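Structure first, commentary second.
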Amino acid sequence: MFSATSLNRKNDRNETAVRWLLGGMTGLLVLPVVVILSVLVYKGGPVISFEFLFTTPTKGMTAGGIFPALLGTVLLVICALLASVPFGIAAAIYLSEYAPDNWLTRVINLAIINLAGVPSIVHALFGLGAFVVFFRFGTSILAASLTLAIMTLPVVIVATRESLQSVPHAFREACWNMGATRWQTIRRIILPNAVTGILTGVILEVCRTAGETAPILFTGAAFFLPLLPQSVFDQTMALSLHLFVVSTQVPNMPEGVPYGVALVLIAMVLIMNSLSIALRMYLRGRKKW
Amino acid sequence: MGGTSTRALAIATQKLNLWYGTFQALFDIDLNIGQGIITSMIGPSGCGKSTFLRSVNRINERLGYVRITGSVDVMGEDIYQQGVELVQVRKQVGMVFQRPNPLPISIRDNVLFSHRLHTSDKCSKARLDEIVEDALQQVLLWDVVKDKLQHKATSLSLEQQQKLCIARLLPVKPAVLLMDEPCSALDPKGTEAVEELIWELRGKYSILIVTHNMAQARRASDECVFMLMGKVIEHTDTGDMFVTPRNQETADYIEGRYG
Ligand SMILES: Nc1ncnc2c1ncn2[C@@H]1O[C@H](COP(=O)(O)OP(=O)(O)OP(=O)(O)O)[C@@H](O)[C@H]1O
Ligand SMILES: [Mg+2]
């Protein structure tokens, strides 16, 4: 009564085939990541040293370290964050909690989604026109990080808005019915519960920013600068551009250097990613409902 | 249709009409709800019970497309008049929902939430403790939760959550408690416990409770309002309504001939 029929056996075979097919395709996807990482570690690993990380390049960049580029990338990321996070979070709070549901709001939402799809080279040209020329910031850290900020603003807004929306509506109702104003509701209940998602969104944005080349190309990144920037109105080197330069623009470059730079860049991004994941797990552990 | 009593009124509406956009949900509601008693409100789904409740604490207005005419007096004052502060209305008129919705904070903070919204000066910790104990005592929850006031409110059972949702309204001393099917998410035992609690609060607050449970309306209210399609059909002593309904529609509904 309970023995397998031929239909059962056929279904079993299909099941096995599908499982292997899907698993195999997933495996293929992982392969490039593994290859890239191992090549980088194999070829770039030996170049990495304290000196490589913390000294300036010498001999036409074929020797010495990458400190100005490393520092530059960190500075750009931090300045971009300082500019985009307050605006992004404010806009997201407005859109999620205050904006009436009418055509204007829908147009704004649509605009934000589309802004996220604008190619980074277009942002670069906008930054050049707006910050470098019109506002007369010159090619500088300020202009470059503002360009990055504009570029990443949509992501920050969308991520923030989504985490705000994921706080159950019943909590808002409860607060309003007790006489809480919108702001009291946001401040005491919604933000504390949305903070996990907001932070994660913001950190992901940072990762994206660190690797970008186009937006900073015309607005503030320098080919080679022996001196560290003194203020936000100076130009700076950046890891992403430096990688391009050492890979293609400098003759007699030791083979390991580009790999080393790439490794540092990837490590930066990975570290920030893991930080965001760790933070998310820590905060989720404290999640309140 | 003014109910049966001559006692002071907690809620009094005159010619209350309400539209959601072009859809009219309430028609000329003239309803007088007495102070200090429990009034139950029954009627088939969609007849406007929740809508009525939501116009008594003016929460309906959050929807931009709601239009209201007529007046609603709470404790003798028209709440739709110019110069009325919404926050004060919501403080006087507490609302309990169908699904318990404690806030995702500690039990203690839940109880103190509205108190903190409505008082500007800092209270001593001893005073706050007193407020928490008093509110939780009133809802018969103190003995159960007194050792876990710092626990998340969401860790309580549904019945306890619903009691907590009532408790958190009490510290600001509301005049009126509106309850929208407060027991319908609870099991029979929880229902009984919350009903008992509502009966316990009788006299201290004026309570208007929406229910689909005839037995509950009959057991646990002084007066009863029957609504149908946005209109009040009958409002009398609960005993009278269930024994000798004056209206055929009321009789039909009570005997289960409507949905
Ligand atoms: N936000 C809203 N927008 C538009 N129409 C609504 C809204 N809320 C309720 N309505 C409509 O108003 C009428 C009354 O709804 P209401 O929720 O007050 O009924 P109810 O008596 O509470 O029903 P139930 O017993 O199912 O809770 C219904 O026809 C409903 O479709
Ligand atoms: Mg309802």
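State all residues of the stretch B:118-137 that are within 14 Å of another protein chain (Cβ to nearest Cβ) and either open to solvent by less than 10 Å² (accessible area, probe 1.4 Å) or in contact with a Lys or Arg (Cβ under 8 Å, 6 or more places away or on another chain) (or both); if no residue qualifies, say none. Listed by number, the residues that qualify are B:118, B:135.
Only one entry of A:133, A:155 meets the criterion of being open to solvent by 10 Å² or more (accessible area, probe 1.4 Å), more than 14 Å from chain B (Cβ to nearest Cβ) and in contact with an Asp or Glu (Cβ under 8 Å, 6 or more places away or on another chain), and that entry is A:155. Regarding the stretch B:65-83, can at least one residue be identified that is crowded, with 16+ Cβ neighbours inside 10 Å and within 16 Å of ligand 2 (Cβ to nearest atom)? Checking the stretch B:65-83: at least one residue is crowded, with 16+ Cβ neighbours inside 10 Å and within 16 Å of ligand 2 (Cβ to nearest atom). Selection over the stretch B:214-259 of residues that are in a loop (DSSP other than H, G, I, E, B), in contact (Cβ under 8 Å) with a residue 60 or more places away in the chain and open to solvent by 40 Å² or more (accessible area, probe 1.4 Å) gives a count of 3.
Quick grid of which residues meet (1) without any contact (Cβ under 8 Å) to a residue 60 or more places away in the chain; (2) surrounded by fewer than 16 Cβ atoms within 10 Å (Cβ to Cβ); (3) within 14 Å of another protein chain (Cβ to nearest Cβ):
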| site | (1), (2), (3) |
| --- | --- |
| A:109 | yes, yes, no |
| A:120 | no, no, no |
| A:165 | no, no, no |
| A:182 | no, yes, yes |
| A:204 | no, no, no |
| A:207 | no, no, no |
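Residues that are outside any loop (DSSP other than H, G, I, E, B) and of a type outside the set (A, V, I, L, M, F, W, C) were ranked within the stretch A:95-109; the one that is nearest to residue A:186 (Cα to Cα) is A:97. Those residues that are open to solvent by less than 40 Å² (accessible area, probe 1.4 Å), of a type outside the set (A, V, I, L, M, F, W, C) and away from ligand 1 (no atom under 11 Å from the Cβ), I need them from the stretch B:48-64; list them, please. Within the stretch B:48-64, B:57, B:58 qualify.
Every condition in (1) away from chain A (no Cβ under 14 Å); (2) among the acidic types (Asp, Glu); (3) free of Cβ contacts under 8 Å to residues at least 40 places away in the same chain is met by residue B:61 except one, and the failing one is (1).
If you filter the stretch B:180-207 down to residues that are closer than 21 Å to residue A:175 by Cα and touching a helix residue (DSSP H, G or I) at 6+ places or on another chain (Cβ under 7 Å), you find that the one that is surrounded by the fewest Cβ atoms within 10 Å (Cβ to Cβ) is B:185.
With respect to the conditions (1) closer than 30 Å to residue B:155 by Cβ; (2) crowded, with 17+ Cβ neighbours inside 10 Å, residue A:277 lacks only one, and its number is (2). What pairs can you find where one residue is in the stretch B:31-58 and within 14 Å of chain A (Cβ to nearest Cβ), the other is within 14 Å of ligand 2 (Cβ to nearest atom) and not in a strand (DSSP E or B), and their Cβ atoms are less than 9 Å apart, with a gap of 6+ or different chains? Close Cβ pairs (under 9 Å, with a partner that is within 14 Å of ligand 2 (Cβ to nearest atom) and not in a strand (DSSP E or B)) amount to B:50/B:98; B:50/B:181; B:53/B:59; B:54/B:60.
Yes/no per residue for (1) polar (S, T, N, Q); (2) part of a helix (DSSP H, G or I); (3) closer than 25 Å to residue B:9 by Cα:
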position: B:122; (1), (2), (3): no, no, no
position: B:160; (1), (2), (3): yes, yes, no
position: B:200; (1), (2), (3): no, yes, yes
position: B:212; (1), (2), (3): no, no, yes
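Condition test on residue B:67, is it more than 14 Å from chain A (Cβ to nearest Cβ), of a type in the set (Lys, Arg) and within 16 Å of ligand 1 (Cβ to nearest atom)? So residue B:67 passes the test. Every test in (1) under 30 Å from residue B:47 (Cα atoms); (2) open to solvent by 20 Å² or more (accessible area, probe 1.4 Å); (3) aliphatic (A, V, I, L, M) is passed by residue B:149 save one, and that test is (1).
Within the stretch B:27-47, the residues that satisfy the criterion of being within 16 Å of ligand 2 (Cβ to nearest atom), farther than 11 Å from residue B:225 by Cα and open to solvent by less than 10 Å² (accessible area, probe 1.4 Å) are B:29, B:47.
Tallying residues that are within 8 Å of chain A (Cβ to nearest Cβ), in a loop (DSSP other than H, G, I, E, B) and touching a helix residue (DSSP H, G or I) at 6+ places or on another chain (Cβ under 6 Å) within the stretch B:81-103 yields 3.
The values are calculated or read from the model by the stated rules, or taken from the named source; none is laboratory data. Small disclaimer: the values here were computed from a predicted structure and weren't measured. Cβ coordinates were reconstructed from backbone atoms using ideal geometry, including for glycine residues, and neighbour counts include every protein chain displayed. Keep in mind that these areas ignore ligands, DNA and RNA; they rest on the heavy atoms of the full protein, side chains included. Shrake-Rupley method; radii C 1.70, N 1.55, O 1.52, S 1.80 Å.
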